[in-house]
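The values are calculated or read from the model by the stated rules, or taken from the named source; none is laboratory data. Only a predicted model underlies this, so the values are computations on that prediction, with no experimental measurement involved. Cβ atoms come from the backbone with ideal geometry, glycine included; neighbour counts cover every protein chain shown. For the accessible areas, the whole protein counts, side chains as well, though only heavy atoms, and no ligand, DNA or RNA atoms are used. Shrake-Rupley method; radii C 1.70, N 1.55, O 1.52, S 1.80 Å.
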Amino acid sequence: CAAYGAQALVVFGLLSKPTDLVKVKTFLDGIEFMTGCKQEDVLKVVAKGKLYRPGHYICVDHENAKIVLCIRGTMRLQDVLVDLVCEQEAFTCFYDCEMNEPLSGHVHKGMLICAERLGEDLSVEISQALAKHKGYDLCLTGHSLGAGVASLLGLIWAKVPEFLERNLHVYAFASPCVFCPELSQAPFTKRLITSAVFGDDIVSRLCFSSFKDLQVSLGEMSKTKTMGFEEKFEIWKNITKENPNQKLFPGGSVYYLNSLEYDSQLPVLVNPVEHFHTILLSKSMLRSHMPGHQMRILSQLL
């Protein structure tokens, strides 16, 4: 959440106390407030970003002995344009955890461009930070668009021995649909990336093919103005959907939180190809994606 900036934290409802509003005035204030990381340990801040280079920051987490790259989600017009470059692009990564077998598939083109450009921009600074802090691990994280870019960047940097040897890992919150089914659930992807999907979050189910499913369903529903909710739901349920093999999904070990599908209040490890191939029409499908809502859910688990 801190990567969105101080003003966004107010909008997300994360600075609800008057004392919080006094403490958090700047981007660096927000990072310290949300993460506990001292401002002198923040190595780089890019607040606004630009096209194919979303906002981000790099910090040293001494408590957990990690160098952290945090990438912001969609906030500005240039980020929306990245989301809209949603055609699939060829991508190759490792299949198995021994990294002996390459695996080719397809990923979200716009987010891949972001990952490649951030990788080029930041690799030297990350390398220097790791050299200065011996024994520290490398952690990439992000929310929404940032989660998708971090996931792809993690797979790109996994090919760099210097980074992989430092226990490189990605934590993706509310990840968008980034990977084809094969890449999403490859053993190496599942080892490298931990993803969290919350409730009916539309973003974790939205790709070009699932949008086409929604478009067809809404077209059928619009034919009868007097149709009740149950009838509309039946149309949605029975519409012939696009083949899941043609869709994109969040990747890695994917944990499902705050879902009515499971009685457990704890995160449930799921196969995203089975659970997130269709947009769920609900009152909470947008709210479930908001950082403030997700922070409140996570705080209940701690």
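Is it the case, given these coordinates, that residue 149 is part of a strand (DSSP E or B), open to solvent by less than 10 Å² (accessible area, probe 1.4 Å) and modelled with pLDDT of 95 or more? It is false that residue 149 is part of a strand (DSSP E or B), open to solvent by less than 10 Å² (accessible area, probe 1.4 Å) and modelled with pLDDT of 95 or more. Among the residues of segment 178-195, those identified as in a strand (DSSP E or B) and either aromatic (Phe, Trp, Tyr) or surrounded by fewer than 23 Cβ atoms within 10 Å (Cβ to Cβ) (or both) are 179, 194. All of (1) open to solvent by less than 30 Å² (accessible area, probe 1.4 Å); (2) among the hydroxyl-bearing types (Ser, Thr, Tyr); (3) at pLDDT 95 or above hold for residue 255 with one exception: (1).
Quick one: in segment 84-113, which of the residues that are part of a helix (DSSP H, G or I), among the hydrophobic types (A, V, I, L, M, F, W, C) and farther than 25 Å from residue 165 by Cβ is least open to solvent (accessible area, probe 1.4 Å)? By that ranking, first place goes to 111.
Can you confirm whether residue 21 is touching a Phe, Trp or Tyr at 6+ places or on another chain (Cβ under 8 Å) and farther than 26 Å from residue 151 by Cα?
Considered against the rule, which asks whether it is touching a Phe, Trp or Tyr at 6+ places or on another chain (Cβ under 8 Å) and farther than 26 Å from residue 151 by Cα, residue 21 comes out as no.
For first residues located in segment 1-17 and within 17 Å of residue 146 (Cβ to Cβ), partners that are buried (at least 23 other Cβ atoms within 10 Å of the Cβ) and of a type in the set (Ser, Thr, Tyr) and lie 6+ apart or on another chain with Cβ distances below 7 Å form the pairs 3/57. Figure legend. Inter-residue proximity from segment 280-299: first residues without any contact (Cβ under 8 Å) to a residue 40 or more places away in the chain and open to solvent by less than 70 Å² (accessible area, probe 1.4 Å), second residues of a type in the set (A, V, I, L, M, F, W, C) and not in a helix (DSSP H, G or I), beta-carbon distance below 6 Å, spacing 6+ or different chains. No pairs are indicated.
Within segment 1-10, the set of residues being closer than 18 Å to residue 77 by Cα and either open to solvent by 30 Å² or more (accessible area, probe 1.4 Å) or of a type in the set (Val, Ile, Thr) (or both) comprises just one member, 7. Do we find a residue being surrounded by 13 or more Cβ atoms within 10 Å (Cβ to Cβ), under 25 Å from residue 152 (Cβ atoms) and among the small types (Gly, Ala, Ser) anywhere in segment 30-50? There is at least one residue in segment 30-50 that is surrounded by 13 or more Cβ atoms within 10 Å (Cβ to Cβ), under 25 Å from residue 152 (Cβ atoms) and among the small types (Gly, Ala, Ser).
Taking the criterion of being aliphatic (A, V, I, L, M) and within 20 Å of residue 2 (Cα to Cα), the residues of segment 116-151 that qualify are 118, 122, 126, 138, 140, 145, 147, 149, 150. It is to be established whether one or more residues within segment 118-135 are part of a loop (DSSP other than H, G, I, E, B), out of contact with any strand residue (DSSP E or B) (no Cβ under 7 Å at 6 or more places or on another chain) and open to solvent by 10 Å² or more (accessible area, probe 1.4 Å). Yes; the residues of segment 118-135 include at least one that is part of a loop (DSSP other than H, G, I, E, B), out of contact with any strand residue (DSSP E or B) (no Cβ under 7 Å at 6 or more places or on another chain) and open to solvent by 10 Å² or more (accessible area, probe 1.4 Å).
Pairing each residue of segment 157-178 that is without any contact (Cβ under 8 Å) to a residue 24 or more places away in the chain and of a type in the set (A, V, I, L, M, F, W, C) with any residue that is surrounded by fewer than 23 Cβ atoms within 10 Å (Cβ to Cβ) and assigned to a loop (DSSP other than H, G, I, E, B), provided the two are 6+ apart or on different chains, yields C-beta distances under 9 Å for 164/99; 164/158.
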